[in-house]
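This report refers to the structure that appears directly beneath it.
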Amino acid sequence: MEEVIASAGGDDETCRRRVSIKCIDTVWDESSKSLKELVDSADCLIHTAGPYLDQSPVPLKLAIASSKCQVYADVSDPLEYLEKSLLMNEKAQASNLTALVAAGAFPGMSNVLAKEASQNLENHGSSLVQDVRFQYFTAGLGGSGAVNLYITNLGFGEPMVQYDKGELRWFMALSGKLLGKVDFFLPQLVNHPGNERAKERIGTQTIFSWPFPEAATVAKDVAARGNSYAGMGTAPDIWNGMLGVLVRLVPRQWWKSTKFSKFMADFSEPLVLATDALLKATGTGETHAMRVDVTSVPPGLQKEGGKGVSIVQAHDSFRVCVGQSCAEFALDALEHAKPGVYLPEQFYDDASDRSRIIGKLTSTPGTFCYTGPVLSEQPPALPTDWEKAIDEANLEERQGVNA
């Protein structure tokens with residue numbers, strides 16, 4: 001709250017009267033009196049109190065039941081949670097509530113950028129999408145705190161849900177696998193100040209697979225005929241390597257255990273926080289970046305070819321970018337209500353709506369790169385160890401390794 005007040009400027013006392021904190025016992029109990037009172041007092045409810053894994057969308061249900069709440073937004077990412085939320089679409093319509101789920105930076109902004117990239121391909125004569133790729137980078141914890149460690153650990157116990165040769169696949173053995181190096185800048189884009197800053201500040205980074213839902217939901221939305229994946233990486237690079245070793249050695253069922261994943265998060269927190277302090281001292285800070293690539297189906301009967309559209313976005317702080325993105329989604333929904341429950345790619349299916357929100361999302365304070373859609377005549381390169389990771393994961397699934 002202190003940071004919000006400081007960033008608002010003006011008189012501290014005036015800001016304090018407008019910004020306040022109210023503690024409630026839980027966000028997951030529908031019978032919670034304090035939660036219900038909070039929801040009933042709000043015109044707009046923003047729910048960021050994860051993890052969302054193995055939970056039911058109680059805050060959304062209460063927002064639908066409220067006579068006051070007009071807009072709901074959250075940053076949820078488990079597919080099961082999203083599916084439960086989307087099933088409330090008709091009830092939200094009946095109550096005149098506009099709800100956006102998975103509406104943060106990634107997932108959220110990344111979904112909309114991928115949708116924009118696919119439209120850009122179509123504008124250049126390639127209407128059929130082949131692959132959809134999501135690649136993310138966050139320095140350290142990105143300022144998001146220990147809960148991000150916990151959520152990351154839990155994800156290693158979940159399957160990658162992504163498209164494989166045009167079919168949706170639950171790919172458990174791939175989750176947490178190191179995929180290799182990715183450029184978080186576009187080599188073909190010259191004399192672009194933001195791209196140059198991204199090259200200098202982030203450059204090429206290692207990523208590992210993590211079960212972000214957009215690899216499934218966006219790929220379905222754009223009717224991908226090939227593959228999709230989502231991966232993320234951190235700095236310093238040694239953390240990526242350590243995570244890769246742990247995922248290889250620790251059974252998946254252990255990561256699914258909340259006790260084990262929480263223990264691992266608590267155990268590593270002091271070292272990670274010390275690393276974050278070092279990153280801040282060296283100027284890397286909480287830097288965040290995303291790269292989204294969408295490719296087109298090769299012409300004719302060719303197995304290779306096709307075009308690609310890439311977009312890079314980068315920000316000084318991951319946690320600030322997530323907060324800004326969710327706030328922009330909520331504010332836009334207040335101004336452009338459309339009752340129902342939506343994923344970002346669904347709500348911004350229309351090109352003019354998408355242009356409006358992208359303009360807001362990519363101009364927030366702290367954004368230092370937004371390339372816009374950049375066309376290439378050949379598909380962008382896959383992560384350097386992609387084929388190795390896929391082959392290893394396929395072999396492990398056949399052999400039942402690390403189940």
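The values are calculated or read from the model by the stated rules, or taken from the named source; none is laboratory data. If you're wondering where the values come from, they're calculated on a predicted model, not measured in any experiment. Positions of Cβ are generated from backbone atoms using ideal geometry, with glycine treated the same way; all protein chains shown enter the neighbour counts. Heavy atoms of the whole protein, side chains included, go into the accessibility calculation; ligands, DNA and RNA do not. Shrake-Rupley method; radii C 1.70, N 1.55, O 1.52, S 1.80 Å.
Structural remarks
- Pick from region 80-131, criterion farther than 14 Å from PRO344 by Cβ and among the basic types (Lys, Arg), ranking: least open to solvent (accessible area, probe 1.4 Å): LYS84
- Considering region 1-79, the qualifying helices (runs of 4 or more DSSP H), each wholly inside and each with 2 or more residues that are at pLDDT 90 or above and surrounded by 17 or more Cβ atoms within 10 Å (Cβ to Cβ), run over 33-40, 58-65.
- Cβ-Cβ contacts under 7 Å between residues 6 or more apart (or on different chains), taken from a first residue in region 116-131 that is in contact (Cβ under 8 Å) with a residue 40 or more places away in the chain to a second residue that is assigned to a helix (DSSP H, G or I) and not small (Gly, Ala, Ser), are listed as GLU116/ARG354; GLU116/ILE358; VAL129/LEU121.
- Enumerated strands (runs of 3 or more DSSP E) restricted to region 118-189, each holding at least 2 residues that are under 28 Å from THR48 (Cα atoms): 129-139, 160-164, 167-171
Residue-by-condition table, conditions (1) at pLDDT below 95; (2) basic (Lys, Arg); (3) within 30 Å of TYR81 (Cβ to Cβ):
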position	(1), (2), (3)
PHE267	yes, no, yes
LEU273	yes, no, yes
GLY283	yes, no, no
ARG291	no, yes, yes
GLY305	yes, no, no
ASP316	yes, no, yes
ALA333	no, no, yes
GLY359	no, no, yes
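- Against the test of being over 29 Å from ASN394 (Cβ atoms), over 19 Å from the mean Cα position of the chain (by Cα) and either of a type outside the set (Asp, Glu) or not in a helix (DSSP H, G or I) (or both), the options LYS91, LYS84, LYS115 yield a single qualifying residue, LYS91.
- Residue satisfying all of: in region 145-177; among the aromatic types (Phe, Trp, Tyr) and either open to solvent by 30 Å² or more (accessible area, probe 1.4 Å) or at pLDDT 90 or above (or both); nearest to LYS256 (Cα to Cα) among these: TYR150
- Test for GLY323: is it modelled with pLDDT under 95, open to solvent by 10 Å² or more (accessible area, probe 1.4 Å) and either under 16 Å from the mean Cα position of the chain (by Cα) or charged (D, E, K, R) (or both): yes
- Candidates in region 184-194 are the residues that are touching a residue at least 60 places away in the same chain (Cβ under 8 Å) and more than 16 Å from PRO380 (Cα to Cα); of these, the one that is least open to solvent (accessible area, probe 1.4 Å) is GLY194.
- Filtered by the rule that a residue be open to solvent by less than 10 Å² (accessible area, probe 1.4 Å) and over 19 Å from TRP170 (Cβ atoms), region 224-261 gives GLY233, ASN240, SER261.
- Filtered by the rule that a residue be closer than 12 Å to ASP391 by Cα and at pLDDT below 95, region 178-190 gives no residues.
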